[in-house]
Amino acid sequence: MAPKRDYYEILGVPRNASKEEIKKAYRRLARQYHPDLNPGNKEAEEKFKEIQEAYAVLSDDEKRKMYDMYGTAEFQPGTERTTWRWTEAPGGGFEFTFGDFSGFEDIFNEVFGEREPTRVRRRGRDLEYQLEIDFDTAIKGGVKDITITRETICPGCGGSGVRVGAGARVCPKCRGSGRSLFTSFLNISRACDMCGGSGKISTEPCNTCNGSGKRITTETISVKIPAGVDTGSRIRVPGKGEEGTISNGDLYLVIKVRPHPLFRREQDDLYIEVPITVYEAALGAQISVPTVDGTAVVTIPPGTQSGTKLRLRGKGVPHLRDGGRGDLYVITKIVLPEKINESARKKFEELAKTSPYNPRAHLDKYLR
């Protein structure tokens, strides 16, 4: 057997070439010698195989190191041999199947575009809906029934779009080959988009779906809302996206929470503004305050000012990922009566005369 050519020579790069230089050289040569662009050219086919083999070794750090030391990356301890298989595609051209070389197919698809299989098999598309819920459901969780509309596979034809038992004719676009020429910056042979790669088109479309292979269905499902969700949270419902021939897509519900008339939420903490009287602020008091769990009694310390934050631990929003909860902050707001009776007026006047307190004392030095 003739000795293999030097891999660096095959790609036209120096032995100290970087991985990026090797990748660029591979892209350039792969475009030049790809068999679909050189039909019937055995020399180009063999050259292309050499290019793939060289890149498979030189783009892998461990295999490149072994190759630099021993002149080969095969059958050495701790290394794996990269395998690939060539088969002739319908209507000419070649299919290239990659073995255990991780990541090689990605760079191949990047250069040439993803090759579609002869028989189209796909996972259904994911769907996304916005789900509006009330504040209490977001805090406590619950179950909500929703109605969704999605594409499903036609039960009459199994998604083929062809009436069961119907005859077929040769596809006029690919002429029965199952493949068509895709033109971008290169001409690449791909599965025919008219016949889906089968090479045939039925003259009798399915009566149920009119040949589309799909139908629109409406379904009501029950969705569990976990406690602690917020606006922007996403709930995944597996298998409730569009149907596919391999598997169904998933349904994603994007949560929008309606505002509450009393509570304001910041992450997992809640805030509520509570009015208090001037004498409750001055003398202190115990007042009843609403929480998401019911009524709580809060102590107002003597001398409380407007804007004081009183913390109620564990009275906020449940954490989504553990059993803890946020806190509830009671924000005080001193509110004076719009009108006072004569008795109250006299008491305020007496207080004004006897109290030495001046809240503006710190401004005296600035007065002119």
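All of the numbers you see were taken from the coordinates with simple rules; none came from a lab. For clarity, every value in this text was computed on a predicted model and none was experimentally measured. Note: ideal-geometry Cβ built from the backbone for every residue, glycine included; neighbour counts use all protein chains shown.
Figures for the structure shown
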| read-out | value |
| --- | --- |
| 10 Å-binned pair-distance histogram of the stretch 217-289 (Cα, whole percent) | 14, 29, 22, 15, 10, 7, 3, 0 |
| Cβ-based exposure ranking for Asp136, Asp322, in which fewest neighbours within 10 Å come first | Asp322, Asp136 |
| Charge dipole (debye, nearest 20) of the stretch 264-354; +1 at Cβ of Lys and Arg, -1 at Cβ of Asp and Glu | 80 |
| Fraction in percent of alpha-carbon pairs per bin - 5 Å, the stretch 264-354 | 3, 12, 20, 18, 15, 11, 7, 6, 4, 2, 1, 1 |
| Charge sum, other residues only, whose C-beta stays under 15 Å from Lys140's C-beta, Lys/Arg counted +1 and Asp/Glu -1 | +1 |
| Estimated inter-spin distance, Glu342 and Asp134, nm [label 7 Å along Cα→Cβ] | 4.9 |
| Computed lengthening from Ser212 to Thr147, 0.36 nm per intervening residue step minus Cα-Cα distance | 21.0 nm |
| Residues with amide H under 5 Å from that of Lys333, placed H, sequence gap 5 or more | Val274, Ile276, Gly307 |
| Using θ = phi - 60° and Karplus 6.51 cos²θ - 1.76 cosθ + 1.60, couplings along the stretch 293-305 (whole Hz; Gly, Pro as x) | 9, x, 8, 10, 9, 10, 8, 9, x, x, x, 5, 9 |
| Inter-centroid distance (Cα atoms) of the stretch 39-73 relative to the stretch 291-325, Å | 68 |
| Contour excess over end-to-end distance, with Cα ends at Ala285 and Thr245 and 0.36 nm allotted per residue | 7.6 nm |
| Cα-based Rg of the stretch 137-176 normalised by 2.2 N^0.38 Å, two decimals | 2.38 |
| Label point distance in nm, Thr295-His362, each placed 7 Å from Cα along Cα→Cβ | 3.8 |
| Euclidean distance of C-alpha centroids, the stretch 129-150 and the stretch 229-267, integer Å | 8 |
| Order of His34, His362, His260 - criterion: other Cβ atoms within 10 Å of each residue's Cβ, fewest first | His362, His260, His34 |
